[in-house]
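Student: Let me begin by handing over the structure; questions about it come next.
The values are calculated or read from the model by the stated rules, or taken from the named source; none is laboratory data. Small disclaimer: the values here were computed from a predicted structure and weren't measured. In this analysis, Cβ positions are derived from the backbone assuming ideal geometry, glycine residues included, and neighbour counts consider all displayed protein chains. Quick note on the areas: whole protein, heavy atoms, side chains included, nothing else; ligands and nucleic acids left out. Shrake-Rupley method; radii C 1.70, N 1.55, O 1.52, S 1.80 Å.
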Amino acid sequence: MAVAYSCLLIAAVMPFFLAGYAKFSSKGYDNSAPREFLEKLQGRAKRAHYAQLNSFEAFPAFAVAVIIAHLAAVTQSHITTLAVSFVIFRLLYGICYIADKHIFRSIVWFGGLFCVVSLFIAAILRS
């Protein structure tokens with residue numbers, strides 16, 4: 001389970017790295033008004049900000065799915081496989097978003113969603 005828990009940690013901090021990229025890849029970052037600064041970003045930095053927001057949105061469902069699968073006694077190998085896959089999909093999502101590869105971004109987004117839904121289904125089937 002340590003691997004799945006590690007994946008939770010990685011997924012939890014991933015948005016902060018994307019936020020850092022958004023804030024510090026552009027000149028003029030103003031920590032006294034960070035939201036205003038982020039709204040004015042353009043290009044890759046703006047897309048990194050959007051990837052950050054989406055990563056914050058995706059995390060709660062993933063975290064709950066891992067915990068529920070664990071409580072439902074889904075096999076550790078199954079949880080680990082889906083948790084690692086989720087993190088890989090989310091890393092690829094951030095890269096695709098920043099690089100403006102919208103079709104690939106959508107594909108890997110669905111991959112991450114598939115992992116979360118699969119964890120929930122596995123938990124349902126075990127209970």
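Student: Which residue fluctuates the most in the chain, going by a Gaussian network model with Cα springs under 10 Å, if the choices are SER32, SER55, SER106?
Tutor: SER32
Student: Over the alpha-carbon set of the range 1-113, work out the extent along each principal axis and list the three values in angstrom, largest first.
Tutor: Rounded to whole Å, the extents work out to 50, 31, 17 Å.
Student: Looking at the chain as a GNM with Cα springs under 10 Å, which of ILE103, ILE67, ILE88 has the largest mean-square fluctuation?
Tutor: Residue with maximal mean-square fluctuation among ILE103, ILE67, ILE88: ILE103.
Student: State, to one decimal in nm, how far the label point of LEU71 lies from the label point of ILE121, with both points 7 Å from Cα in the Cβ direction.
Tutor: 2.2
Student: State the percentage of accessible surface on the chain attributable to carbon and sulfur atoms; use a 1.4 Å probe and exclude ligands, DNA and RNA.
Tutor: In the chain, the share of accessible area belonging to carbon and sulfur is 69 percent.
Student: Take ILE95, project a point 7 Å from its Cα along the Cβ direction, then tell me which residues of the range 42-66 have their backbone nitrogen under 16 Å from it.
Tutor: Only 48 fall inside the zone, counting backbone N under 16 Å.
Student: From the backbone phi of the range 43-52, what are the Karplus-calculated ³J(HN,Hα) couplings (6.51 cos²θ - 1.76 cosθ + 1.60, θ = phi - 60°) in whole Hz, Gly and Pro given as x?
Tutor: Whole-Hz 3J(HN,Hα) from phi for the range 43-52: x, 4, 5, 5, 5, 5, 4, 5, 5, 4.
Student: Which of ILE121, SER26, SER6 sits farthest toward the positive end of the charge dipole of the chain, with +1 on the Cβ of Lys and Arg and -1 on the Cβ of Asp and Glu?
Tutor: SER26
Student: Per residue, how much accessible surface does the range 1-117 expose to a 1.4 Å probe? Answer in Å², no decimals.
Tutor: Using a 1.4 Å probe on heavy atoms only, each residue of the range 1-117 averages 57 Å².
Student: Roughly speaking, what is the stretch gain from ARG44 to PHE114, that is 0.36 nm per residue apart minus the C-alpha to C-alpha distance, in nm to one decimal?
Tutor: 22.5 nm
Student: Something else about it: Volume per residue, Å³, of the convex hull around the alpha-carbon atoms of the range 85-127?
Tutor: So the per-residue Cα hull volume is 42 Å³.
Student: Hey, what number do you get for the chain at 222 nm if only DSSP H runs of n ≥ 4 count, each worth -39500 (n - 2.57), divided across all residues, to the nearest 500?
Tutor: -29000 deg cm²/dmol
Student: Could you tell me which trypsin sites (Lys or Arg not before Pro) in the range 36-111 are loop residues by DSSP with no more than 13 other beta carbons within 10 angstrom of their beta carbon?
Tutor: Taking the range 36-111 and a limit of 13 other Cβ atoms within 10 Å, the loop trypsin sites (Lys or Arg not before Pro) found are LYS40.
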